[in-house]
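Participant: Starting off with a structure, shown below.
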Amino acid sequence: MIVPMFLFNALLKVFEAFSRVVQKLMPEQQYSTLENLLNDLISNSNMEKTFLFDVVSKIYIATDSNPVDMHSYELCSDMIDVVSVIRASFLTS
């Protein structure tokens, strides 16, 4: 399925907005703890950015303290799709 780029970008912005809403609904202490854990993961590995995703909705529950760029989010979202397809193919085999 081919999706026009402007629709794809608009959809990414919707997911980003929902992610922000979920983060605001989370208790501050809980979100801070998740953010600190993701920051620790970055500092102890060779990662540039970390997200904690809900795989079904592709909304990220938390992220590290580095700014979110849409390219990173898009890449992670695409990787979730790839892993889901591979997982489904193994489950049906």
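The values are calculated or read from the model by the stated rules, or taken from the named source; none is laboratory data. Quick caveat, the model's predicted, so the values are computed rather than measured. With ideal geometry, Cβ positions are generated from the backbone for all residues, glycine too; neighbour counts draw on all protein chains shown.
Residue-by-condition table, conditions (1) more than 22 Å from VAL83 (Cα to Cα); (2) at pLDDT 90 or above; (3) under 12 Å from the mean Cα position of the chain (by Cα):
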{"residue": "PHE6", "(1), (2), (3)": "yes, no, no"}
{"residue": "ALA10", "(1), (2), (3)": "yes, no, no"}
{"residue": "LYS13", "(1), (2), (3)": "yes, no, no"}
{"residue": "LYS24", "(1), (2), (3)": "yes, yes, no"}
{"residue": "LEU34", "(1), (2), (3)": "yes, yes, no"}
{"residue": "LEU37", "(1), (2), (3)": "yes, yes, no"}
{"residue": "LYS49", "(1), (2), (3)": "no, yes, yes"}
{"residue": "ASP54", "(1), (2), (3)": "no, yes, yes"}
{"residue": "TYR60", "(1), (2), (3)": "no, yes, yes"}
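Participant: For the subset of the range 21-70 comprising residues that are under 20 Å from ASN9 (Cα atoms) and among the acidic types (Asp, Glu), which member is surrounded by the fewest Cβ atoms within 10 Å (Cβ to Cβ)?
Facilitator: It comes out as ASP69.
Participant: On to the next question. Just to be sure I understand the filter: pairs with C-beta atoms under 7 Å, separated by 6 or more residues or on different chains, first member in the range 42-56 and closer than 11 Å to ASN66 by Cβ, second member assigned to a loop (DSSP other than H, G, I, E, B). Which pairs pass?
Facilitator: Every condition considered, the pairs that remain are ILE42/THR50; ILE42/ASP64; LYS49/ASP64; LYS49/ASN66; THR50/ASP64.
Participant: List every residue pair whose Cβ atoms sit under 7 Å apart, with the two residues 6 or more apart in sequence or on different chains, where the first one lies in the range 63-74 and is touching a residue at least 12 places away in the same chain (Cβ under 8 Å) and the second, anywhere, is assigned to a loop (DSSP other than H, G, I, E, B).
Facilitator: Close Cβ pairs satisfying both conditions: THR63/THR50; ASP64/LYS49; ASP64/THR50; ASN66/LYS49; SER72/LYS49.
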